[in-house]
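J.: Please see the structure below; I have some questions.
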Amino acid sequence: MSDRETAGRVLEHIPYGLYVVGSLNGRVPATMVANWVTQVSFSPPWVAIAVEADSRMREYIGRSGLFSVNILPSGGRDTAKAFLKAPEATGDTIGGKKFERAKNGSPFLVDASASFECRVMRTLEVPDHLVFIGEVVDALLRREGTDVLTLRETGWRYNR
Ligand SMILES: Cc1cc2nc3c(=O)[nH]c(=O)nc-3n(C[C@H](O)[C@H](O)[C@H](O)COP(=O)(O)O)c2cc1C
């Protein structure tokens with residue numbers, strides 16, 4: 001096995017949540033599933049997400065300066081499945097799932113146990129992703145203390 005393959009296999013041992021990340025295509029909410037999400041500052045609260053360099057979401061987040069992160073409850077694999085094809089909104093649903101608007105218009109899924117919206121404060125280019133670092137500007141807790149959906153629980157992998 002090459003060093004790079006070994007590194008890839010080792011990095012797959014990092015435990016992650018499986019999130020639905022949202023943004024705006026103009027005024028139209030758009031979404032994708034993502035696991036590369038982490039808090040990077042307490043005060044003010046900042047969160048980093050890594051978005052594929054050649055993806056539509058990268059364009060939408062870059063243009064709107066906004067993204068949302070929806071944390072799904074454990075057992076929410078079927079909900080997450082609706083977002084695998086990176087759907088955009090029609091009416092008040094995305095991928096058949098209801099959403100509400102955060103303060104600046106990003107999608108907050110009704111099925112999420114918690115959601116937050118970030119305004120982009122920094123961007124960092126890395127070889128095949130763009131890291132967006134955003135300040136939390138709106139947050140909604142729908143269900144406190146619930147277990148959250150993890151990448152492991154879905155049985156999915158993020159690879160190319
Ligand atoms: C399990 C899983 C995890 C993923 N994690 C990320 C991620 O952290 N960042 C990202 O940009 N794309 C991630 N993706 C890919 C996106 O969900 C999406 O399919 C891709 O960005 C599509 O780009 P498009 O909007 O140009 O069609 C992940 C996909 C899967 C199945």
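J.: Just a yes or no: is a residue in the stretch 6-17 surrounded by 12 or more Cβ atoms within 10 Å (Cβ to Cβ), more than 15 Å from Val120 (Cα to Cα) and in contact with a Leu (Cβ under 8 Å, 6 or more places away or on another chain)?
T.: Yes, the stretch 6-17 has at least one match.
J.: Could you please give the count of residues in the stretch 118-160 that are touching a helix residue (DSSP H, G or I) at 6+ places or on another chain (Cβ under 8 Å), part of a strand (DSSP E or B) and either surrounded by fewer than 17 Cβ atoms within 10 Å (Cβ to Cβ) or of a type in the set (Ser, Thr, Tyr) (or both)?
T.: Residues meeting the conditions: 1.
J.: Looking only at residues that are within 15 Å of the chain's Cα centre (by Cα) and more than 15 Å from Pro45 (Cβ to Cβ) in the stretch 131-153, which one is nearest to the ligand (Cβ to nearest atom)?
T.: Among those residues, the one meeting the criterion is Leu151.
J.: Right, next: With (1) aliphatic (A, V, I, L, M); (2) within 20 Å of Glu144 (Cα to Cα); (3) over 14 Å from the mean Cα position of the chain (by Cα) as the list, and Leu11 as the residue in question, which single condition is left unmet?
T.: That leaves (2) as the condition not met.
J.: In addition: Looking at the structure I just gave you, is Lys98 under 18 Å from Pro45 (Cβ atoms), surrounded by fewer than 22 Cβ atoms within 10 Å (Cβ to Cβ) and modelled with pLDDT of 95 or more?
T.: No; evaluated as a whole, the condition is false for this residue.
J.: Can you name the condition, by its number, that Thr90 falls short on among (1) of a type outside the set (Gly, Ala, Ser); (2) over 23 Å from Arg152 (Cα atoms); (3) touching a residue at least 12 places away in the same chain (Cβ under 8 Å)?
T.: (3)
J.: Test of understanding: among Thr6, Thr90, Thr79, which residue is within 25 Å of Arg143 (Cβ to Cβ) and hydroxyl-bearing (Ser, Thr, Tyr)? Talk me through it step by step, then tell me what you get.
T.: Working: Thr6 fails: within 25 Å of Arg143 (Cβ to Cβ); Thr90 fails: within 25 Å of Arg143 (Cβ to Cβ).
Sole residue among the options that is within 25 Å of Arg143 (Cβ to Cβ) and hydroxyl-bearing (Ser, Thr, Tyr): Thr79.
J.: So which residues in the stretch 1-50 are within 26 Å of Lys81 (Cα to Cα) and among the basic types (Lys, Arg), if there are any at all?
T.: The answer is Arg9, Arg27.
J.: Contact list please: Cβ distance under 7 Å, first residue in the stretch 33-60 and under 16 Å from Asp138 (Cα atoms), second residue in a loop (DSSP other than H, G, I, E, B), pairs at least six apart or on different chains.
T.: From the stretch 33-60, the pairs are Gln39/Pro45.
The values are calculated or read from the model by the stated rules, or taken from the named source; none is laboratory data. Here the structure is a predicted model, which is why all the values come from computation and not from measurement. Neighbour counts are summed over all protein chains in view; Cβ atoms, including those assigned to glycine, are modelled from backbone coordinates with ideal geometry.
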